[in-house]
Amino acid sequence: MPSYVITGVSRGIGYEFLRQYSGDSNNTVIGLVRNKQATEKKVSEDPDLRGRTNIHIIAADVTDYNALQKAVSETTKITGGALDYLIANAGLITPFDQYDGIGDLATQPDQVTKELRALFEVNVIANIHLFNLFLPLIQKGHTKKVIAITSGYSDIELTRNWDVTLAPLYSTSKAALNMVIAKFSAQFKKEGILFLGLAPGSVDVGQNNEATPEQLQRLGAFFGELAPKYAPDFRGPITPEESVSLMRPVIVEASLEGSAGDFISHFGNKQWL
Ligand SMILES: NC(=O)c1ccc[n+]([C@@H]2O[C@H](COP(=O)([O-])OP(=O)(O)OC[C@H]3O[C@@H](n4cnc5c(N)ncnc54)[C@H](OP(=O)(O)O)[C@@H]3O)[C@@H](O)[C@H]2O)c1
């Protein structure tokens, strides 16, 4: 009876994790969301998910430490005190910096401070608390895997080699998350716990729906130049279904020997696109 806790299952990649993992009735799948009622309604109206008794939705804004503590108590009741997989998927992607280089933000210093703080709250600090709070359950689990959904944008080598200027604040927060994973791994791999950062690829979750034509042009120009050389097989963003279908075997195959504390992509390597 493998058990999963996944944060941010209300939509996007997290909802797809919920859908795919709960498809196996042997799995117990616990999703953390900010709006429990809305997600329960969405699940009950989804022809695939409705009636699946192995789905449990718990209310928790991941930046609320008390809510995370309560989520641990509720999970303990559901699983009997153990947890096999913790997937830290909830993340903040701010439109503010998605289409600009870091120097282009120089004229908005207050906004830079505000956005970076918000990004660190969700993408970094919340996950430190999440991992520490769920650790006693993971220690009692069989599989002992903690996965943080990171981003190829966080790879310093990619940034250096290909002059990736976009999303500088978001990338910084995910690079910090990678270090959080490495530090947890350094301390807990001797207990057999795998901590791993996993990037989902470029996934269409509607994140550019509100972009201006100029922003879309900048994004298109960047990918148009990068992709043919860096990833000749890249045909544009993939769906959440494709991304999660690629990540699941990577999660199964990831081992302490091969990837403790590392961050890898949906291809199981350092190819991000
Ligand atoms: N899409 C991509 O191309 C891409 C690429 C690289 C990495 N990622 C990463 O993949 C993960 C999933 O993102 P996505 O693409 O599926 O984006 P999304 O559709 O924007 O989903 C983000 C999810 O995170 C949740 N969330 C945000 N802040 C939260 C908080 N404070 N407490 C609890 N939940 C919170 C959202 O819940 P609400 O519905 O309550 O807002 C939502 O469920 C993120 O970590 C993201 O950084 C995505």
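The candidates I13, I78, arranged from most to least accessible area with a 1.4 Å probe in the full protein assembly, appear as I78, I13. The aspartates and glutamates whose alpha-carbon is closer than 20 Å to the alpha-carbon of K144, local same-chain residues fewer than 8 away aside, are D24, E74, D84, E191, E253, E257, D262. Between D204 and M1, the distance separating the two model label sites (each 7 Å from Cα on the Cα→Cβ line) works out to 4.0 nm. Volume of the convex hull of segment 3-265 (Cα atoms only), normalised per residue: 136 Å³. How high is the FRET efficiency from I78 to S255, r the C-beta distance, R0 22 Å, rounded to 0.05? Efficiency for this residue pair is about 0.20. The largest-to-smallest principal axis extents of the Cα set in segment 66-122 are 53, 21, 12 Å.
Across segment 32-73, the relative contact order, built from alpha-carbon pairs under 8 Å that are at least six residues apart, equals 44 percent.
Computed on the Cα atoms alone, the convex hull of segment 91-221 gives a volume of 121 cubic angstrom per residue. Please identify every one of the trypsin sites (Lys or Arg not before Pro) in segment 184-273 that sits in a loop by DSSP and has no more than 11 other beta carbons within 10 Å of its own beta carbon. Those satisfying the criteria are R235. Taking 0.36 nm per residue of sequence separation and removing the Cα-Cα distance, the N269/E241 pair yields an extension gain of 8.1 nm.
Convex hull volume of the C-alpha atoms in segment 1-94, normalised per residue: 90 Å³. How large, in percent, is the carbon and sulfur part of the accessible surface of the chain at a probe radius of 1.4 Å? C and S atoms contribute 52 percent here. Distant-in-sequence amide contacts of I238, defined by a placed amide H-H separation under 5 Å and a gap of 5 or more residues or a different chain, comprise S202, V203, D204. Helices that extend 24 Å or more along their long axis by alpha-carbon positions and average at least -0.5 on the Kyte-Doolittle scale are, among the DSSP H runs of the chain, 168-188, 213-230.
With a/c under 1.5 counting as rounded, go ahead and sort segment 147-273 into rounded, prolate or oblate using the C-alpha gyration tensor (a ≥ b ≥ c being the square roots of the eigenvalues; past the cut-off, prolate if a/b is larger than b/c, else oblate). Prolate, since a/c reaches 1.5 and a/b exceeds b/c.
For the pair Q139 and N26, the difference between a 0.36 nm per residue extended length and the Cα-Cα distance amounts to 38.6 nm. Counted residue by residue at 0.36 nm each, then reduced by the alpha carbon distance between them, the extension gain from K229 to K36 reaches 65.1 nm. Among the trypsin sites (Lys or Arg not before Pro) within segment 23-58, those in coil by DSSP and having at most 11 neighbouring Cβ atoms inside 10 Å are R50.
For segment 146-169, the residues whose backbone nitrogen is under 20 Å from a point 7 Å from the Cα of L216, taken along Cα to Cβ, are 166-167.
The values are calculated or read from the model by the stated rules, or taken from the named source; none is laboratory data. Since we're looking at a predicted model, the values are computed, not measured. Positions of Cβ are generated from backbone atoms using ideal geometry, with glycine treated the same way; all protein chains shown enter the neighbour counts. Surface accessibility is based on the protein's heavy atoms, side chains included, excluding ligands, DNA and RNA. Shrake-Rupley method; radii C 1.70, N 1.55, O 1.52, S 1.80 Å.
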